[in-house]
Amino acid sequence: MPGAPAPDAPPPGARRAADRAVDRAVDAVWRIESARITAVLARLVGDFSAAEELAQDALVAALEQWPRTGVPANPGAWLMATARHRAIDLIRREQRYARKLAQLGRELGDEPHPGPEELAGPLGEDVQDDLLRLVFTACHPVLSAEARAALTLRVLGGLRTDEIARAFLTSEATVAQRIVRAKRTLAGAGVPYEVPEGHELTARLGPVLEVIYLIFNEGYAATAGDDWMRPALCEEAMRLGRVLAGLMAEEAEVHGLVALMELQASRSAARTGPGGEPVLLLDQDRGRWDQLLVHRGLAALDRAWGLASPPGPYTLQAAIAACHARAKAAGDTDWVRIAALYTTLAERAPSPVVELNRAVALGMAFGPAAGLDLADRLLDEPSLTSYHLLPTVRGDLLARLGRAAEAAAEFERAAGLTRNARERAVLLGRAAASARDAKARGGGSPGRRQPGKA
């Protein structure tokens, strides 16, 4: 019959399912490989925006070809090879253009324009790492602090605009504008793709550490989607941190950040249950914590503390994480010291999120009323209006005070604010449990669960 599929062709439903499987594979590979591909391309072509466009071209090629040919055995290598070939084509076109321009210049008595190999510049000698060059380029002082972090998260972390907005506690439109303006600013200023040297390297360290930790946090607790964690991002952030620690061995905060990431990552295996659901810190099986990472984290903290005078924000946060790592059981945690460290952190690097974490520590060290008093003072803080952890913390504290109905309302509000499916399910479960307590006990009884960041 005319128009009928070939006898051996898969039915339309099967083709659609196969296409969806390929799309998922492309997305997964892109999340892992996009930063490396973009970084290598930036070194080859010497242009930040052009590198990202070439990487996107390789992604489009995969979306077009893989449904027909199947996903390659090494999809990351396929994407890298495709992107490099496109970069080589671009360089050849620019070289032909440069030769023609040089010929025209000679005819007109002018100096020829530099070729693409000159524009790309030499490789930096201090850090032989494309990804690190990419971070320092995106963190150039010509950009605002917000633009540096947003651009690097977009290009290095492969995050979507909405995910970056959640990390910054701001709107998607604001982040999108920052990224567009950042690219234009870098291009307009002719920022080279390189690692700075000397005092300039030290001056640009702070924004780089901020970006690396934001990438780690997105992997540690994904802001959106069906997965609670994205381990590849954590691993990439830790790798960058270790490289940076080797480069700047006398910088306390570099070691402080490495310590913080190692100690937090040590809990990864215990942070999810059998069904992939989040497990809060105080409920985790500490026997599943990675003791190698704990050991490395504590060693990095010792180096940071020995260099710090006074300790900086990352070193203080690592010291807080170390209190958890040293406690053999949740009940052994030194919450008084954690509360004191958060007080010092609030003085050195004040922020609403630090205050919210301090409220948790106060509630554990001195009782839920003390924590709730501080958390309530944050209710009018504009940057926390859509931050799901504020009602989560309040729900924890209210439950411990026996105000189960209020706790249920807070957990429901938190569930409506989070965009992570796993976290939403946990919060809705806690809301239902608190509502049952309130109904059964005529106003509720103290909740059994205690607050704790997973």
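The values are calculated or read from the model by the stated rules, or taken from the named source; none is laboratory data. Every value quoted in this text rests on a predicted model; they were computed, and no experiment measured them. Because the Cβ atoms are built from the backbone with ideal geometry, glycine has one as well, and the counts that use them run over all protein chains shown.
See the values below:
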item: Scan of the stretch 151-207 for residues that are modelled with pLDDT under 85, assigned to a helix (DSSP H, G or I), among the aliphatic types (A, V, I, L, M) and within 17 Å of LEU131 (Cα to Cα), ordered by number; result: LEU153, VAL155, LEU201
item: Residue in the stretch 260-273 that is acidic (Asp, Glu) and more than 24 Å from ASN420 (Cβ to Cβ) present; result: no
item: Any hit, the stretch 343-356, residues being crowded, with 21+ Cβ neighbours inside 10 Å, closer than 30 Å to ASP380 by Cα, under 21 Å from the mean Cα position of the chain (by Cα) and not assigned by TED's automatic domain parsing to the domain that holds VAL426; result: yes
item: Residue match in the stretch 322-333 (condition: at pLDDT 95 or above and either of a type in the set (Val, Ile, Thr) or in the same structural domain as SER383 (by TED's automatic domain parsing) (or both)); result: yes
item: Pairs where the first residue, in the stretch 294-305, is among the charged types (D, E, K, R) and the second is in a helix (DSSP H, G or I), C-beta under 7 Å, 6+ apart; result: ARG296/GLU262; ARG303/HIS255
item: Residue identified as touching a residue at least 24 places away in the same chain (Cβ under 8 Å), touching a helix residue (DSSP H, G or I) at 6+ places or on another chain (Cβ under 6 Å) and either within 26 Å of ALA319 (Cβ to Cβ) or not in a helix (DSSP H, G or I) (or both) among ALA346, ALA359, ALA407; result: ALA359
item: Residue match in the stretch 388-402 (condition: assigned to a loop (DSSP other than H, G, I, E, B) and within 31 Å of the chain's Cα centre (by Cα)); result: yes
item: Filter result (over 20 Å from ARG160 (Cα atoms) and either under 22 Å from the mean Cα position of the chain (by Cα) or at pLDDT below 80 (or both)) within the stretch 45-69; result: VAL45, GLY46, ASP47
item: Enumeration of residues in the stretch 73-87 that are closer than 22 Å to ALA39 by Cα and free of Cβ contacts under 8 Å to residues at least 12 places away in the same chain; result: ASN74, ALA77, ALA81, HIS85
item: Inter-residue pairs, beta-carbon under 9 Å, first surrounded by fewer than 23 Cβ atoms within 10 Å (Cβ to Cβ) and in the stretch 382-396, second of a type in the set (Asp, Glu) and assigned to a helix (DSSP H, G or I), 6+ apart; result: HIS388/GLU423
item: From the options GLY275, GLY256, GLY188, residue that is of a type in the set (Gly, Ala, Ser) and more than 26 Å from ALA147 (Cα to Cα); result: GLY275
item: ALA339 closer than 20 Å to LEU209 by Cα, in a helix (DSSP H, G or I) and among the aliphatic types (A, V, I, L, M); result: no
item: Failed item, numbered, when VAL336 is tested on (1) more than 24 Å from the chain's Cα centre (by Cα); (2) of a type outside the set (Phe, Trp, Tyr); (3) under 20 Å from VAL254 (Cβ atoms); result: (3)
item: Looking only at the stretch 118-150, and only at residues there that are among the acidic types (Asp, Glu) and at pLDDT below 70, the one that is surrounded by the fewest Cβ atoms within 10 Å (Cβ to Cβ); result: GLU125
item: Candidates LEU209, LEU263, filtered to the one that is crowded, with 18+ Cβ neighbours inside 10 Å, out of contact with any Lys or Arg (no Cβ under 7 Å at 6 or more places or on another chain) and outside the structural domain of PRO196 (by TED's automatic domain parsing); result: LEU263
item: For PRO310: the one exception among (1) over 20 Å from LEU389 (Cβ atoms); (2) loosely packed, with under 14 Cβ neighbours inside 10 Å; (3) under 23 Å from the mean Cα position of the chain (by Cα); result: (3)
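The rows are residues; the columns are (1) modelled with pLDDT of 95 or more; (2) of a type outside the set (Val, Ile, Thr); (3) surrounded by fewer than 18 Cβ atoms within 10 Å (Cβ to Cβ).
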residue: ALA259; (1), (2), (3): yes, yes, no
residue: PRO274; (1), (2), (3): no, yes, yes
residue: THR315; (1), (2), (3): yes, no, no
residue: ALA318; (1), (2), (3): yes, yes, no
